[in-house]
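Trainee: There's a structure below that I have some questions on.
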Amino acid sequence: MLKRVLLLSASAGAGHVRAAEAVEKAFNESSDAIEVRHLDVLFHTNKVFRHLYSKAYIDLVNRMPEVPGWIYDKLDKPWKNERRRLALDKLNTRPFVKLLREYQPDLIVCTHFLPAEIVSWLKAKERIASRQAIVVTDFDVHAMWLCHHYEQYFVAIDEARAYLEVLGIPPQKITVSGIPIDPIFSRHKDKAAMRRKHGLVADRNTILLSAGGFGVGSIETLIAALLHLQTAAQVVAVCGRNVELKDRLAKLAARMTPASRVIIKPFGYTQEMDELMAASDLVLGKPGGLTTSEALAKGLVFVIVNPIPGQEERNSDHLLEAGVGIRCNNLPTLAYKLDRLLSDRRRFAEMQRNTRKLARPHAASEIVRKLYELDGSVT
């Protein structure tokens, strides 16, 4: 019987944390009889290791994305370099190991590969008896996610399941659930009502452009490219916590008139991203696992621009193969590619239908339901 559930994420990018928060919400909605805790494992490591895993990684992604991409591909060798990587992780996660051994939860759910590997090692040494579930937060399963001691893998798509089976993971230990997202993204909200609420024009193609929670990214460069659109459109530009960026875009928006082909509506940090997605038709940007899953749940067509080499490149491949997006590698052609797409209403409608086929809006609750089944509990 589940009494203690420990959710483990890592703040190397926001997606792993958001996935854990989604599962946490699903557990709390299913029962109040269990204790559910969510920890960011990086807060229980040493300072240097934490910096390398979070800030240094984000800096590399923004300044030299080819470097993390090269590392991603170099390390994607199933069942290779395990001992070396584990030795490094063990050296830097001693406070985390101490916490696990003291807390001894009944179930551990990992939304990042770092804690999954440490938990697997502790289980192998019989230092903890906790069961472990691993939730992969991208469409592909990188070798870093692989470990030997676990009870269940949760993956985004059938291809990921097939890949794990080829690597020797028993089929009964793999569930295709989708990537867990906040339940709010599964709730229908009327497009017209959301446009009225957020001051958007009712009858324009609406493109959502997000710079992320901290306003990092080349959002102004993207907007400059979008201003060449021949099709009437409005751009919902989410600037996150970057107040200066929002102010600059607000000045640009003030120079536009209702007769302008492209109008800009800047937003700062918001907790209503689900409503802005509901108001939009397309999402423009980089296909991180969580953002992709949220946008799919809202039926948005993707315009992928310069994905980060590594996991975003692979996520892009899956989106293009599923027919839910287009990709632009050269910004001068962005307006041209969008004009072509928006002028072909039959093609655009087909892509919208494809998003509904790929979307898994209830992934978090499916994961929790499966974990209760494995435990033998009744929810």
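The values are calculated or read from the model by the stated rules, or taken from the named source; none is laboratory data. Predicted model only: the values in this text are computed from it and were never measured. Cβ placement follows ideal geometry from the backbone for every residue including glycine, while neighbour counts extend to all protein chains displayed. The area values use the complete protein model at the heavy-atom level, side chains included, leaving out ligands, DNA and RNA. Shrake-Rupley method; radii C 1.70, N 1.55, O 1.52, S 1.80 Å.
Trainee: Mind counting the residues in segment 346-370 that are buried (at least 18 other Cβ atoms within 10 Å of the Cβ), over 17 Å from ILE181 (Cβ atoms) and of a type in the set (A, V, I, L, M)?
Mentor: Residues flagged as buried (at least 18 other Cβ atoms within 10 Å of the Cβ), over 17 Å from ILE181 (Cβ atoms) and of a type in the set (A, V, I, L, M) within segment 346-370 amount to 1.
Trainee: Go through segment 236-279 and give me each residue that's in contact with a Phe, Trp or Tyr (Cβ under 8 Å, 6 or more places away or on another chain) and loosely packed, with under 15 Cβ neighbours inside 10 Å.
Mentor: The answer is ARG241, and nothing else.
Trainee: Name the one entry in TYR150, TYR163 that is on the phi < 0 side of the Ramachandran plot and either surrounded by fewer than 17 Cβ atoms within 10 Å (Cβ to Cβ) or touching a Gly at 6+ places or on another chain (Cβ under 8 Å) (or both).
Mentor: It is TYR163.
Trainee: Taking segment 316-337 only, how many residues are touching a residue at least 12 places away in the same chain (Cβ under 8 Å) and part of a loop (DSSP other than H, G, I, E, B)?
Mentor: Going through segment 316-337 one residue at a time, the tally reaches 4.
Trainee: Right, something else. Among the candidates THR111, THR93, single out the residue that is modelled with pLDDT of 80 or more and surrounded by 19 or more Cβ atoms within 10 Å (Cβ to Cβ).
Mentor: Criteria check complete, one pass: THR111.
Trainee: Does ILE263 satisfy the condition of being under 23 Å from ASP339 (Cα atoms) and touching a Ser or Thr at 6+ places or on another chain (Cβ under 9 Å)?
Mentor: Criteria met by ILE263.
Trainee: Out of ALA19, ALA33, ALA87, ALA56, I need the residue that is modelled with pLDDT of 85 or more and either open to solvent by 40 Å² or more (accessible area, probe 1.4 Å) or assigned to a helix (DSSP H, G or I) (or both). Which one?
Mentor: Details: ALA33 fails: modelled with pLDDT of 85 or more; ALA87 fails: modelled with pLDDT of 85 or more; ALA56 fails: modelled with pLDDT of 85 or more.
That would be ALA19, the only listed residue that is modelled with pLDDT of 85 or more and either open to solvent by 40 Å² or more (accessible area, probe 1.4 Å) or assigned to a helix (DSSP H, G or I) (or both).
Trainee: Give segment 189-206 a look and list any residue that's without any contact (Cβ under 8 Å) to a residue 60 or more places away in the chain and out of contact with any strand residue (DSSP E or B) (no Cβ under 7 Å at 6 or more places or on another chain), or say none. If you could, list the steps in order and put the result at the bottom.
Mentor: To start, the set of residues in segment 189-206 that are without any contact (Cβ under 8 Å) to a residue 60 or more places away in the chain comprises 192-193, 196, 202-204.
Passing the criteria: ALA192, ALA193, ARG196, ALA202, ASP203.
Trainee: Moving to a separate point now. Against the definition (aliphatic (A, V, I, L, M) and at pLDDT below 95), how does ILE179 come out, yes or no? Can you show your working first?
Mentor: Values: aliphatic (A, V, I, L, M): yes; at pLDDT below 95: no.
No: the conditions fail for ILE179.
Trainee: If you take the residues of segment 166-193 that are part of a loop (DSSP other than H, G, I, E, B) and of a type in the set (A, V, I, L, M), which of them is surrounded by the most Cβ atoms within 10 Å (Cβ to Cβ)? If you could, list the steps in order and put the result at the bottom.
Mentor: First, pick out the residues of segment 166-193 that are part of a loop (DSSP other than H, G, I, E, B): 167-170, 177-182, 187-190.
Checking which are of a type in the set (A, V, I, L, M) leaves us with 167, 169, 179, 181.
Values: LEU167: 12, ILE169: 17, ILE179: 29, ILE181: 31.
Across segment 166-193, the extreme among qualifying residues is ILE181.
Trainee: Under the condition of being touching a strand residue (DSSP E or B) at 6+ places or on another chain (Cβ under 8 Å) and within 14 Å of LEU99 (Cβ to Cβ), which residue from segment 36-47 is least open to solvent (accessible area, probe 1.4 Å)?
Mentor: VAL41
Trainee: Does segment 223-233 contain any residue that is surrounded by fewer than 22 Cβ atoms within 10 Å (Cβ to Cβ), of a type in the set (S, T, N, Q) and free of Cβ contacts under 8 Å to residues at least 12 places away in the same chain?
Mentor: Looking for residues that are surrounded by fewer than 22 Cβ atoms within 10 Å (Cβ to Cβ), of a type in the set (S, T, N, Q) and free of Cβ contacts under 8 Å to residues at least 12 places away in the same chain, one finds none in segment 223-233, hence no.
Trainee: So, SER316, is that one polar (S, T, N, Q) and either surrounded by fewer than 23 Cβ atoms within 10 Å (Cβ to Cβ) or closer than 23 Å to SER177 by Cα (or both) or not?
Mentor: It is true that SER316 is polar (S, T, N, Q) and either surrounded by fewer than 23 Cβ atoms within 10 Å (Cβ to Cβ) or closer than 23 Å to SER177 by Cα (or both).
Trainee: Looking at (1) more than 21 Å from LEU209 (Cα to Cα); (2) open to solvent by less than 50 Å² (accessible area, probe 1.4 Å), can you tell me which one LEU338 breaks?
Mentor: Just one mismatch for LEU338, condition (1).
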